[in-house]
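Trainee: There's a structure below that I have some questions on.
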Amino acid sequence: MPRSDTTTGADITLDGVCVRYGGKKAPVTAVEDVSLRVETGEFVVLVGPSGCGKTTLLRLVAGFERSARGVVDVRRSVGVVFQQPRLFPWRTVGGNITFALTRHGVPRDQLRARAEALLARVGLTGMAGRRTWELSGGQQQRVAIARALATEPQVLLMDEPFAALDALTRERLQEEVRSLADATGTTVLFVTHSAEEAVLLGSRVLVMAAGPGRIVAEIPVGLDRDAGAADVAGLRATPDFSRLRGELADVMREAATG
Ligand SMILES: Nc1ncnc2c1ncn2[C@@H]1O[C@H](COP(=O)(O)OP(=O)(O)OP(=O)(O)O)[C@@H](O)[C@H]1O
Ligand SMILES: [Mg+2]
């Protein structure tokens, strides 16, 4: 991919990218002329109707798809949580985590404790010995999140990571991811269908439309996350939150219909 003058110091730069699937006979343009920049430490959320190319954009940033045109520039180490958990079924829950830790260079004598600590963070204490196929969909997804965190990525790509979780677990993990981003300065690009989740987590929301997939609106969030409303429940109770969620929901409805 050629570098152009528009390439900057951002963690993620997409400039005029276009992804097509299928052969020459029946090409599908999944995304067309998309440009975005994500700076270090930003928490950017992508929303939009099913099929508008959210997963495609994440796969492009992760390096799993190629753009037919434009610039893709990702400057730091990337961790991915896919829409489906994609665990190794021949490994235990703990084995999935220690595999990632080993690849990240964690010494053998620390693997078990580090894996336990990561599983505790996603609410799976004591599950290390279980088989992945013994877990529920939501539990598997939490293992996938722990596995992504194991490599301490500087850029975290998350594709509807909490969609399969019950409301309480989702809230816990929303807080976990948000405080991780705040504490470590991790850059996050996060996909969701939920206006509520987008406003809760994001510092900026990009709204996509389909046919072909493109970005049609950008909404800065700018909620005061430190003013005694740092937790999810507190933030949700503020008037600013309700207003932004309503505005975003309206823009999302417009993007989906029109
Ligand atoms: N491997 C593929 N081969 C052909 N077409 C594909 C492939 N993957 C995705 N597409 C098409 O590209 C478009 C964008 O798909 P993508 O998965 O990026 O959407 P999405 O916004 O993530 O949707 P959802 O919200 O349902 O997850 C869709 O029209 C889809 O049918
Ligand atoms: Mg998707």
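The values are calculated or read from the model by the stated rules, or taken from the named source; none is laboratory data. Predicted, not measured: the structure shown is a model, and the values here were computed from it. All Cβ positions, glycine included, derive from the backbone under ideal geometry; neighbour counts span all protein chains shown.
Trainee: Could you run through segment 195-225 and say how many residues are within 16 Å of ligand 1 (Cβ to nearest atom) and at pLDDT 95 or above?
Mentor: Summing the residues that are within 16 Å of ligand 1 (Cβ to nearest atom) and at pLDDT 95 or above in segment 195-225 gives 14.
Trainee: Determine if segment 94-111 includes at least one residue that is within 16 Å of ligand 1 (Cβ to nearest atom) and either hydrophobic (A, V, I, L, M, F, W, C) or in contact with a helix residue (DSSP H, G or I) (Cβ under 8 Å, 6 or more places away or on another chain) (or both).
Mentor: No: zero hits.
Trainee: Quickly run through segment 51-93 and pick out the residues that are in contact (Cβ under 8 Å) with a residue 40 or more places away in the chain, small (Gly, Ala, Ser) and away from ligand 1 (no atom under 15 Å from the Cβ).
Mentor: GLY70, SER77, GLY79
Trainee: Okay, moving on. When you go through GLY48, GLY126, GLY53, GLY79 one by one, which is the residue that is within 25 Å of VAL221 (Cα to Cα), more than 16 Å from ligand 2 (Cβ to nearest atom) and not hydroxyl-bearing (Ser, Thr, Tyr)?
Mentor: Matching residue, one of GLY48, GLY126, GLY53, GLY79: GLY79.
Trainee: Mind checking whether some residue in segment 155-177 is touching a helix residue (DSSP H, G or I) at 6+ places or on another chain (Cβ under 6 Å), over 20 Å from VAL74 (Cβ atoms), β-branched (Val, Ile, Thr) and away from ligand 2 (no atom under 16 Å from the Cβ)?
Mentor: Checked against the condition, which is being touching a helix residue (DSSP H, G or I) at 6+ places or on another chain (Cβ under 6 Å), over 20 Å from VAL74 (Cβ atoms), β-branched (Val, Ile, Thr) and away from ligand 2 (no atom under 16 Å from the Cβ), segment 155-177 yields no hits at all.
Trainee: To continue, here is another question. For segment 231-242, which residues satisfy the criterion of being assigned to a helix (DSSP H, G or I) and surrounded by fewer than 12 Cβ atoms within 10 Å (Cβ to Cβ)?
Mentor: Hits for segment 231-242 are ALA233, PRO239.
Trainee: So, one more: Can you say whether VAL191 is within 13 Å of ligand 1 (Cβ to nearest atom), under 18 Å from ILE12 (Cα atoms), surrounded by 17 or more Cβ atoms within 10 Å (Cβ to Cβ) and aliphatic (A, V, I, L, M), as far as the supplied structure shows?
Mentor: Taking the combined requirement at face value, the residue satisfies it.
Trainee: Of the conditions (1) among the β-branched types (Val, Ile, Thr); (2) surrounded by fewer than 17 Cβ atoms within 10 Å (Cβ to Cβ); (3) modelled with pLDDT of 95 or more, THR8 satisfies every one except a single condition; which number is it?
Mentor: Here THR8 meets the rest and fails (3).
Trainee: Just to be sure before I move on: is VAL61 within 15 Å of GLU160 (Cα to Cα), surrounded by 18 or more Cβ atoms within 10 Å (Cβ to Cβ), within 21 Å of the chain's Cα centre (by Cα) and not charged (D, E, K, R) in the structure I sent?
Mentor: no
Trainee: If you don't mind, another one. Being in contact (Cβ under 8 Å) with a residue 60 or more places away in the chain and either touching an Asp or Glu at 6+ places or on another chain (Cβ under 6 Å) or assigned to a helix (DSSP H, G or I) (or both) is the filter here, so list the residues in segment 145-182 that pass it.
Mentor: ILE145, ARG147, ALA148, LEU149, VAL155, GLU171, ARG178, ALA181
Trainee: Looking at segment 124-132, is at least one residue surrounded by 19 or more Cβ atoms within 10 Å (Cβ to Cβ), in a helix (DSSP H, G or I) and within 16 Å of the chain's Cα centre (by Cα)?
Mentor: No: zero hits.
Trainee: Find the strands (runs of 3 or more DSSP E) located wholly in segment 32-85 whose residues include 2 or more that are closer than 14 Å to CYS18 by Cβ, and list them.
Mentor: The strands (runs of 3 or more DSSP E) meeting that bar are 71-74.
Trainee: May I pose another question? Among GLY138, GLY213, GLY185, which is within 27 Å of THR257 (Cβ to Cβ) and either touching a residue at least 12 places away in the same chain (Cβ under 8 Å) or in contact with a His (Cβ under 6 Å, 6 or more places away or on another chain) (or both)?
Mentor: Answer to the selection: GLY213.
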